[in-house]
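Worksheet for the structure shown next.
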Amino acid sequence: MFGIAGWNSLNSIATTCYLQGSVITLNIFFGPIINAAYSVAMQAYSGLRQFCSSFQSASAPQIVKYYAVEENDALFRLLGFVCKISFFLLFFLTLPFVLTANNILSFWLENVPPYASIFFIWMIISAYFDIFSYPLDIAAQASGNMAKYSCITSTLTILILPVTYQLYCIKFPPETILCVAVIIGLVNCLVRIKILSSLIGLCFKTFTLNIICRCILTAAISSIIPILSKLYLPTISFRILIIIGITILSTSIGIWFFGLEQSEQNYISSNLKKIKYKLIN
């Protein structure tokens, strides 16, 4: 128990060092105005991320149970389903914010700091890869072999700061730290899957193609019409509401037809029918 708690603490320390170190780094190179913009974007992002974390926590007992009773097929299906649904839920909630970031921040704040919307958009993109980490971390904890897993993932997280510092030294723009976080987040996600292939037998190729690539492809397809509507829709009174409506419709259709398999569609449909029945009765 102490060992697992210690290795989990290493991941938490690495994340804290990255978050606090990014604030210090931005303050050193760009001053308090850019730092304020980063803090505003972080507050908005934290609310969305906390919502998804609470959703994912419900899957932890079942993941541990499947590993304990050696039901590997059920474990891998559950991991894939949780990762996929978490990604799609975050994508569904955040794409309207990404496309209308300036307008939404203007409603929230009287004076929006420069770069606030850019920071917010890049934070959301980085969250698309971070969202996979929680269920994979739980699977690693269930195996009890956390040393290699935690050391490598924590090192990659902390690596964001020195890489960004060097780029800032050669005059890269403020959003560079989040661009680096996106790239390292994707690498970290693939590393997690690779390590789990040796810990619990998770197939790297199958999981990457069926879950990670499918999520990214679905997001790309679902974003085409909303992005075109933002670019070419004329300036009218309810333009933002129209864009948000188109985005919700496009993401819903894209996720249902491209992101979910038939068995997952049937599972969701059956649960929605149960909820409807309980509400009626």
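The values are calculated or read from the model by the stated rules, or taken from the named source; none is laboratory data. Not measured: the values here are computed from a predicted model. Every residue, glycine as well, gets a Cβ built from its backbone with ideal geometry; the counts of neighbours run over all protein chains shown. The accessibility values were calculated without ligands, DNA or RNA, using every heavy atom of the protein model including side chains. Shrake-Rupley method; radii C 1.70, N 1.55, O 1.52, S 1.80 Å.
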key: Ellipticity estimate at 222 nm from DSSP helix runs (n ≥ 4, -39,500 (n - 2.57)) divided over the chain, nearest 500   = -27000 deg cm²/dmol
query = What does the charge dipole of the chain about its Cα centre add up to, to the nearest 20 debye, if the Cβ of each Lys and Arg holds +1 and the Cβ of each Asp and Glu holds -1?
reply = 380
note = Expected field for Glu175, accessible surface area in Å² at 1.4 Å probe radius, rounded to 10, holds 40
note = The extension gain from Ser46 to Ile253, computed as 0.36 nm times the residue separation minus the Cα-Cα distance, is 71.8 nm
remark   = Yeah, region 90-228 with a ≥ b ≥ c from its alpha-carbon gyration tensor (a/c under 1.5 is rounded, else prolate when a/b outruns b/c, oblate otherwise) is oblate
note = Put Tyr45, Tyr232 in order of accessible area, largest first, probe 1.4 Å, and you get Tyr232, Tyr45
query = Using a 1.4 angstrom probe and counting only protein chains, how large is the accessible area of Arg192 in Å², to 10?
reply = 30
query = Sorted from largest down, what three extents in whole angstroms do the Cα atoms of region 49-122 have along their principal axes?
reply = 56, 16, 16
message = Please compute the contact order of the chain in relative form: average sequence separation of alpha-carbon pairs under 8 Å and at least six residues apart, divided by the residue count, as a percent.
response = 24
request  = Report the charge-dipole magnitude of region 110-196 in Debye, nearest 20, computed about the Cα centre from +1 at each Lys and Arg Cβ and -1 at each Asp and Glu Cβ.
outcome  = 340
task = Note the full-extension length gain between Glu110 and Ser12 as 0.36 nm times their separation in residues minus their Cα-Cα distance, in nm to one decimal.
result = 31.9 nm
task = Largest first and to the nearest Å, give the Cα extent of region 1-83 along each principal axis.
result = 54, 28, 16
message = Counting heavy atoms of the protein chains only and a 1.4 Å probe, report the per residue accessible area for the chain as a whole number of Å².
response = 53
inquiry  = Only four residue types carry charge here, +1 at the Cβ of Lys and Arg and -1 at the Cβ of Asp and Glu. Report the dipole size of region 160-269 about the Cα centre in Debye, rounded to the nearest 20.
reply    = 200
ask   = At a 1.4 Å probe, what is the % contribution of carbon and sulfur to the accessible area of region 144-281?
value = 71
query = Which of the helices in the chain, when you take each full DSSP H run, stretch at least 18 Å along the axis at their Cα atoms and have an average Kyte-Doolittle score of -0.5 or higher?
reply = 2-30, 32-56, 72-99, 116-130, 176-199, 214-232, 239-254
key: Calculated FRET value between Glu264 and Asn102, using beta carbons and R₀ = 41 Å, to 0.05   = 0.70
task = With a point put 7 Å past each Cα toward its Cβ, work out how far Ile152 is from Ile170 in nm, to one decimal.
result = 2.8
task = Take the Cα atoms of the chain, find their three principal axes, and give me the spread along each one in whole Å, biggest first.
result = 55, 50, 35
Computed over region 1-118: relative contact order in percent, which uses C-alpha pairs under 8 Å that are six or more apart = 34
note = Note on region 191-259: the mean projected area of its alpha-carbon convex hull, in nm², is 5.7
